[in-house]
1. Applying the Karplus parametrisation 6.51 cos²θ - 1.76 cosθ + 1.60 with θ = phi - 60° to the phi angles of the stretch 129-137, what ³J(HN,Hα) value in whole Hz is obtained for each residue in order, glycine and proline being reported as x?
2. Show me the ranking of peptides 322-332, 523-533 by mean Cβ neighbours inside 10 Å, starting with the highest.
3. Efficiency by 1/(1 + (r/R0)^6): what FRET value for Asp648 and Glu362, r their Cβ-Cβ distance, R0 = 45 Å, to the nearest 0.05?
4. By per-residue mean of other Cβ atoms within 10 Å, what is the highest-first order of 63-71, 451-459?
5. Order these peptides, 291-300, 441-450, by their mean beta-carbon neighbour count within 10 angstrom, highest first.
6. Please list, in chain and number order, the residues 5+ apart from Tyr86 or on another chain whose amide H is under 5 Å from its amide H, with Hs placed from the backbone.
7. Report, please, the projected area of the stretch 456-518 averaged over directions, based on the convex hull of its C-alpha atoms, in nm².
8. If Lys and Arg each add +1 and Asp and Glu each add -1, what is the summed charge of the other residues whose beta carbon sits under 12 Å from the beta carbon of Leu185?
Amino acid sequence: MKKLFILLFTLFLQISINAQSKSIEERVMELISKMTLEEKVGQMTQITLQAVSRTQGTRNQKHELDEKKLEEAIVKYNVGSILNVYDVAHSIEYWHEVITKIQDIATKKTRLGIPVIYGIDAIHGATYTKGSTLFPQALAVASTFNKNIAERIGEITAIETRASGIPWNFYPVMDLGRQPLWPRLWETFGEDVYLAQQMGMAYIKGAQGNDVSQPDKLATCLKHYVGYSFPFNGFDRTPAYMSERTLREYFLPPFEAGIKAGAKTIMVNSSEIDGIPGHANYRLLKEILRDELKFDGFVVSDWEDINRLYTRDRIASSLKEAVKIAVMAGVDMSMVPYDFSFYHNLIELVKEGSIPMWRIDEAVSRILKVKFELGLFENPYPPKDYLNKFASQEHTRLNLDAASESIILVKNENNILPLNKNMKIFVTGPTANKLSPLNGGWTITWQGNDEELYPQEKNTILEAVKSKAGTNNVLFEEGCSFDKELNTNKALQKAKQSDLILLCLGEPAYCETPGNINDLTLPEAQLNYAMKLINTGKPVILVIVEGRPRLITKIYDKVKGILIAFLPGMEGGNAIADVLFGNVNPSGKLPITYPKYPNAIVHYDYKPIESYDVNRYDPLFPFGFGLSYTKFSYSNLRLNKTEITEDDELLVSIDVKNEGNRIGKEAILMYITDLYGQVSRPNKQLKGFEKIELKPGEVKTVTFKVNKEHLSFIGLNNKRVVEPGEFIITIGGLQQKFSLK
């Protein structure tokens with residue numbers, strides 16, 4: 001018996017060594033050679049948890065898997081991926097139960113034992129795991145202009161998502177936020193190409209590390225490839241109209257950066273560009289993504305979007321034709337998500353010769369490659385290693401730091417801020433005493449708007465202000481909701497009893513199409529309420545919590561101070577209070593242009609014609625703007641050369657001094673202007689940024705490197721070019737000129 005045991009153990013050890021000695025490519029090819037058509041098509045099929053559930057998870061009802069449906073999906077239909085929740089965040093213990101049941105069936109009850117890859121939208125932390133660390137949303141992260149923060153958020157999100165048993169995150173969003181009406185603007189890193197590239201790459205570096213098979217790393221997914229964020233009318237999932245040059249100059253580069261950073265997967269644009277739906281766009285999915293950008297991961301559809309080629313877009317005359325179009329265009333995995341129609345149709349298409357087997361093998365090999373890279377074949381189960389770090393104090397501290405650096409001070413008349421804690425403060429407005437507006441969509445639920453599900457131990461703005469100033473110094477009345485006035489007379493009475501009014505306005509939580517609006521202007525109910533408070537004669541400090549730049553021009557001149565918080569996350573209330581009372585010196589800067597009027601949507605990198613004659617860039621607040629409680633001065637801007645060749649590297653240095661009496665952080669932004677080009681060149685473009693901290697009186701030198709990549713653009717033939725000519729470097733209002741020969 002002992003000899004038999006030794007023999008079996010030796011055999012197992014030899015098999016393990018052989019498996020490890022083979023490359024992932026060899027293991028993929030070996031596995032594919034054993035697979036039937038049905039097993040391959042199953043790997044390309046992704047269904048939602050709802051499709052295999054008995055009950056929906058709500059605040060009053062526990063979610064339950066339907067294990068019979070689950071086994072049918074995995075054993076009969078060979079499903080390779082499951083996603084989402086149905087419909088409320090699970091506890092980490094329940095996630096372990098769900099993932100374990102899924103992987104038990106996949107590895108023990110199927111012929112080849114291929115593990116399932118579970119995917120989730122963990123877009124500002126492990127959003128669908130109860131009690132997780134929920135960070136500022138992307139637009140607020142971009143406001144920090146701090147790549148280290150983006151990287152750390154990636155690290156912690158990976159730890160807590162992987163600790164939940166989920167190895168695949170549908171994030172980061174690499175769409176460019178250049179349409180302020182778009183309800184998903186807050187999911188982007190802002191309007192600038194370079195900023196989006198740098199923050200996205202930092203996040204991927206943190207989330208994936210050097211080895212995604214590690215128990216604290218996961219596979220990222222770039223979304224939504226490409227052009228989704230620029231709908232002409234501002235509504236979600238509506239057409240974008242753009243030239244190939246515009247696509248290549250603005251919207252492709254963030255995805256290219258994400259690919260270079262090593263992102264494993266990509267999700268497709270739900271809408272269309274110039275009449276071609278993203279899921280049918282062979283040019284984008286094959287010729288550009290694969291042939292030009294050399295992406296070697298797999299492409300997943302967005303929710304139900306292959307079916308919608310037939311049901312919505314009407315470019316296919318049947319569901320079966322829709323499957324053919326999408327797969328041949330380059331989609332590797334279908335987020336079906338409710339049924340097995342994709343599975344049945346794709347098998348028929350292959351058997352009748354409409355889709356070649358090589359295309360199936362190509363898609364499946366990409367999917368299996370990511371599963372191998374994640375180490376799912378070695379251990380598909382939830383790791384226990386990092387459970388003690390889940391929602392740890394360390395993670396909460398980083399969350400508070402991130403939120404604090406994201407808050408943007410845009411007005412501070414007569415230095416009314418920071419506030420005196422001994423003042424009588426009236427706190428009011430629809431965002432004052434709720435956690436949901438601080439977090440936005442994809443928080444506990446899809447829309448993020450179920451306030452009752454939020455953790456009560458976290459502070460709203462009101463609660464955080466009370467913790468700083470003392471309960472006796474703070475009065476509260478909501479005064480108005482997001483779209484109508486409430487108890488206004490009672491609120492006005494309390495306002496008159498106070499020394500100062502802290503008015504918290506903004507937007508409720510929303511996500512995707514339900515967040516569509518017809519007008520960027522803040523709702524009249526909020527503006528009218530603000531005017532009534534202003535008319536009391538008490539000084540008003542405005543705190544605006546929002547997912548996009550809602551217009552406040554009507555009240556801008558009449559309030560004494562303004563903080564823009566965007567969506568600062570679960571520690572947002574504490575961060576706002578820290579800035580208000582001076583515990584934190586604000587250092588956020590705008591990652592978007594903040595318009596003054598509804599039809600004045602001009603980006604900071606505007607073209608010459610947009611500033612010619614009566615046209616001008618005249619926002620309420622420009623891109624990159626943000627005040628501090630101290631004063632920073634810039635001096636001695638210098639270049640190591642005034643003339644360079646295409647192969648040279650230019651060093652740009654500047655001295656920055658803290659002239660005030662408070663320690664503070666400052667984001668140093670370097671812009672480049674190309675004075676003349678074969679196509680019109682922008683007024684200026686961000687090409688470098690660095691966040692530094694300075695003590696009072698301290699001076700630091702910041703140095704940037706400029707090479708031909710910073711000077712390139714998309715030329716007349718839609719190819720990237722570098723042209724000789726004159727350029728201007730601008731930092732902190734100082735300028736230097738150099739020439740490229």
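The values are calculated or read from the model by the stated rules, or taken from the named source; none is laboratory data. None of these values were measured; they are calculated from a predicted model. Cβ coordinates were reconstructed from backbone atoms using ideal geometry, including for glycine residues, and neighbour counts include every protein chain displayed. Only protein heavy atoms, including side chains, enter the accessible area calculation; ligands, DNA and RNA are left aside. Shrake-Rupley method; radii C 1.70, N 1.55, O 1.52, S 1.80 Å.
1. Once rounded to whole Hz, the list reads 10, 4, x, 6, 7, 10, 7, x, 6.
2. Highest mean packing first, the order is 322-332, 523-533.
3. 0.60
4. 63-71, 451-459
5. Final packing ranking: 441-450, 291-300.
6. Sorted by chain and number, the residues that satisfy this are Gly57.
7. Mean orientational projected area (the stretch 456-518, Cα hull): 6.1 nm².
8. Residues near Leu185 contribute -3 overall.
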